[in-house]
1. Got the residue B:10 label distances to the other copies yet, label 7 Å along Cα→Cβ, in nm, shortest first?
2. Across peptide A:186-196, how many C-beta atoms of other chains are within 10 Å of each residue C-beta, on average?
3. Residue by residue through A:154-161, how many Cβ atoms from other chains fall within 10 Å of the Cβ on average?
4. Could you tell me whether region B:128-172 comes out rounded, prolate or oblate from its Cα gyration tensor? Rule is a ≥ b ≥ c as square roots of the eigenvalues, rounded for a/c under 1.5, then prolate if a/b exceeds b/c, otherwise oblate.
5. Hey, could you pull the Cα Rg and Dmax for region A:1-113, both in Å?
6. Once the label point is set 7 Å along the Cα-to-beta-carbon vector, what list of distances in nm do you get between residue A:114 and its counterparts in the other copies?
7. Among rounded, prolate and oblate, which fits region B:83-198 when a ≥ b ≥ c are the square roots of the eigenvalues of its C-alpha gyration tensor, a/c under 1.5 means rounded, and a/b larger than b/c means prolate?
8. As a footprinting exposure proxy, order A:166, B:163 by other Cβ within 10 Å, with the fewest listed first.
2 protein chains.
Amino acid sequence: MTSPIDAARRPRRDALENRAGILAAAHVALAHDPRASVDAIARQAGLSRRALYGHFDDRDALVRELVAQGAARFNAVARSIDDDDARVALARLAAALWNEAAHVQVLAAIALDEAHLDETATALAPLRRAVVRIVREGQQADALRTDVAAPTLARLVEETARTVITRIDASSPAARDLAVRSVLSIAGLSWREAAALLADHPEILAAPTAPAAAEGAPTAAEAPEAAPGTPEATE
Amino acid sequence: MTSPIDAARRPRRDALENRAGILAAAHVALAHDPRASVDAIARQAGLSRRALYGHFDDRDALVRELVAQGAARFNAVARSIDDDDARVALARLAAALWNEAAHVQVLAAIALDEAHLDETATALAPLRRAVVRIVREGQQADALRTDVAAPTLARLVEETARTVITRIDASSPAARDLAVRSVLSIAGLSWREAAALLADHPEILAAPTAPAAAEGAPTAAEAPEAAPGTPEATE
DNA sequence: GATAACTTGCACAACACTGTGCAAGTTATC
DNA sequence: GATAACTTGCACAGTGTTGTGCAAGTTATC
């Protein structure tokens, strides 16, 4: 027996599973509709609304945890890019972000919510810094377009990646291709130059590989059996 | 004296102004937040919530009228493009859409609302058809990228224009430049090719000129006191 | 098997919003 | 100046949401 004073049992296994299930459900529900109600999320997780409040203080706490999850993964992506050639770095970044499509979608949806603007901004800050750095070095090396100031071009790259990942298909294998080529295009390359670059670096568009992502925090969207409800109708 | 039977006075001038004021206010309010309350819109127009319901049956009717306004202007834009060179056509289209930035923003915001998805889709249909046509001809003439299927490329062009116009600045004069160059980039041109093209056609980036758009109907957000009768003189 | 942890269902207060009715004012138009 | 049009402010019912309290039931863990 453990100490009689702090004789707190550890959380039940099913409770932990339910908590993860709620996060997974929120992942799906909020990506589809950032104002999804607590009831809708709980129901999708196969729980009652009341039970959800046993795991999260309030709706905000739930959302904040999703943002934190995404932030961790995006930071891992940012850290994983270290190519000398800015064009290759951008291509690899786009491909890596496509791997995190589910998180990109959730974060983008949550970011629409005014209320969580600051939160998402700080969560994405490291990734943004990485893009600015890549763009800046790329311009100095004359590898990227120089008709647009670095901060603007960085923003453009970011928005392009977000747009393609969240608004186009996203499930088809061709989408990864599209995301990468779009980012290279917006960075200033002609489509033939982009094709040549990708031919020179076939590993960029190779299979998704193992997620070189963050420690802990399993991807909510990936735990399939935890999400019992609907089959994620990607339109 | 008019006929004593249908002795209906015509609407008072101030009432018409108030109606236009409401539309202008909705333009601003909804572009900022697509779920802005009726009260917020009425207040911004300097009227009471109750008065607004004297001009529009319900919130939906108001939104629908905004969509119709935007649709009319976008259709005018689509009709105004008739360049043989697809690259020039796309550049001109982007520039023209930038002129309608206020409407693009409102439509994009409303389109987020699930409820009005169909409405905005049909409102934009003619513009979409024009883009598909331009892209298709451009690919056949080998002027645009051919590594992406026409419908997808058209979508990409549309999303790029929307993204740049709604998410970047939008007020600075440089934004127009950015919108045009971004569309050309996503269409497959290198940034230098785009620059050369724009140098060859300086009129594209020339001053906004007179709105070659639909006659009558000033931009709601721009001329609150004007905008007389019906929403849009669709010829 | 005892116990604490967990879930459920219900009820409840609070809030924000929509759309309507009505009486009382104000104002453009005849 | 008479009149209809318009606006206002209030009250009201209805809806959908959030977050909490509590009693009763189920279940993993000790």
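1. Counterpart label points of residue B:10 in the remaining copies fall at 8.2 nm.
2. Numbers: counts 8, 2, 8, 5, 9, 12, 5, 2, 4, 2, 0.
Counting other chains' Cβ atoms within 10 Å and averaging over A:186-196 gives 5.
3. Values: counts 0, 5, 9, 0, 1, 8, 8, 0.
Partner-chain Cβ atoms within 10 Å, mean over residues of A:154-161: 4.
4. prolate
5. 18.1, 61
6. Reported distances to equivalent positions: 1.8 nm.
7. Working: a/c = 2.17, a/b = 1.29, b/c = 1.68.
In terms of gyration-tensor shape, oblate.
8. A:166, B:163
No value in this document is a laboratory result; all are computed from the given coordinates. Keep in mind that what you see is a predicted model, and the values were worked out from it rather than measured. Heads up, the Cβs are rebuilt from the backbone with ideal geometry, glycines too, and the neighbour counts pull from every protein chain shown.
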